[in-house]
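Peer 1: Take a look at the following structure, please.
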């Protein structure tokens, strides 16, 4: 559980297969600012450990031993009893995502993702209340049923935050370890999604919408 002055995001991994749990754990081991504090091999155990260990984020599989309701019910119990914990779904069944969202999940990541996809989405989930779906193969995290101005990717939110702080394109590129041309592409995408034409308008609209601090 994160505390004041502690920037570590604690994570519980919940999946019915050992290879999946070990794979997720190996991806996250050594990632700065993220700590795996437990593993659950059943939906019931996921609920129990979430309430006992109070992780910031639960990586939740949706299909447990062929049961497509177990993960959704576990999500519902976790978010009902510990709303501070964010549930990030990891699934190959996008048709189940809308039901999980209704159960209180914060985000969904379709299997086939990269390490950066997972790490970025965990960090994004930790600081947001907006439901996000990240699809493998896209550099876009689409929000479901939300206004266009909220449909920003985690990377776009980072760029937008730095714009709010008054950073220039080259400073943003240096801070995020990306090319200036990539920053410019993100900025144009942000402008399009926010339906604005310049930095000042983007900053005002983002702050009013609560997208940035």
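Rule-based calculations on the coordinates, nothing more; no lab input. Since we're looking at a predicted model, the values are computed, not measured. Glycine also receives a Cβ, built like all others from the backbone with ideal geometry; neighbour counts cover every protein chain displayed.
Peer 1: Taking every pair of Cα atoms in the stretch 1-86, average 1/r, invert it to obtain the Kirkwood radius, and report Rg/Rh to two decimals.
Peer 2: Working: Rg = 12.5 Å, Rh = 12.9 Å.
Ratio of gyration radius to Kirkwood radius for the stretch 1-86: 0.97.
Peer 1: Could you compute the FRET efficiency for residue 178 and residue 32, with r as their C-beta to C-beta distance and R0 at 25 Å, rounded to 0.05? Walk me through the numbers before you get to the answer.
Peer 2: Numbers: r = 18 Å, r/R0 = 0.72.
Plugging the Cβ-Cβ distance into 1/(1 + (r/R0)^6) gives 0.90.
Peer 1: Shifting gears a bit: Quote the FRET efficiency, to the nearest 0.05, computed for residue 191 versus residue 54 with a Förster distance R0 of 35 Å and r equal to the Cβ-Cβ distance. Mind dumping the intermediate values first?
Peer 2: Numbers: r = 39 Å, r/R0 = 1.12.
Rounded to the nearest 0.05, the efficiency is 0.35.
Peer 1: Another question, if that's okay. How would you rank 21, 80, going from fewest to most other Cβ atoms within 10 Å of each one's own Cβ?
Peer 2: On the way: 21 19, 80 11.
Final ranking by Cβ density, sparse to dense: 80, 21.
Peer 1: Between residue 171 and residue 20, 0.36 nm times their residue separation minus their Cα-Cα distance comes to what? Show your work: numbers first, answer last.
Peer 2: Numbers: separation 151, 0.36 × 151 = 54.36 nm, distance 3.82 nm.
Between residue 171 and residue 20, full extension yields 50.5 nm more.
Peer 1: Sort 207, 60 so the one with the fewest other Cβ atoms within 10 Å of its own Cβ comes first. Please list the in-between numbers first.
Peer 2: Working: 207 13, 60 29.
Going from least to most buried by this count: 207, 60.
Peer 1: Using a basic spin-label model with each label point 7 Å from the Cα along Cα→Cβ, how many nm lie between residue 42 and residue 205?
Peer 2: That separation, rounded to one decimal, is 5.0 nm.
Peer 1: Reported to two decimal places, what Rg/Rh ratio describes the stretch 9-143 when computed on Cα atoms with Rh from the Kirkwood expression? Kindly include the intermediate steps, with their values, before the conclusion.
Peer 2: Working: Rg = 13.0 Å, Rh = 14.2 Å.
With Rg and the Kirkwood Rh in hand, the quotient comes to 0.91.
Peer 1: When the C-alpha atoms of the stretch 148-209 are aligned to their principal axes, what extent does each axis show, in angstrom, from largest down?
Peer 2: 27, 19, 18
Peer 1: Follow-up. Give the separation of the Cα centroids, the stretch 154-186 to the stretch 1-73, in Å.
Peer 2: Their Cα centres are 31 Å away from one another.
Peer 1: Here's a follow-up. Ranked by Cβ crowding within 10 angstrom, fewest neighbours first, how are 68, 15, 56 ordered? Mind dumping the intermediate values first?
Peer 2: Details: 68 14, 15 24, 56 21.
Listing 68, 15, 56 from fewest to most nearby Cβ atoms yields 68, 56, 15.
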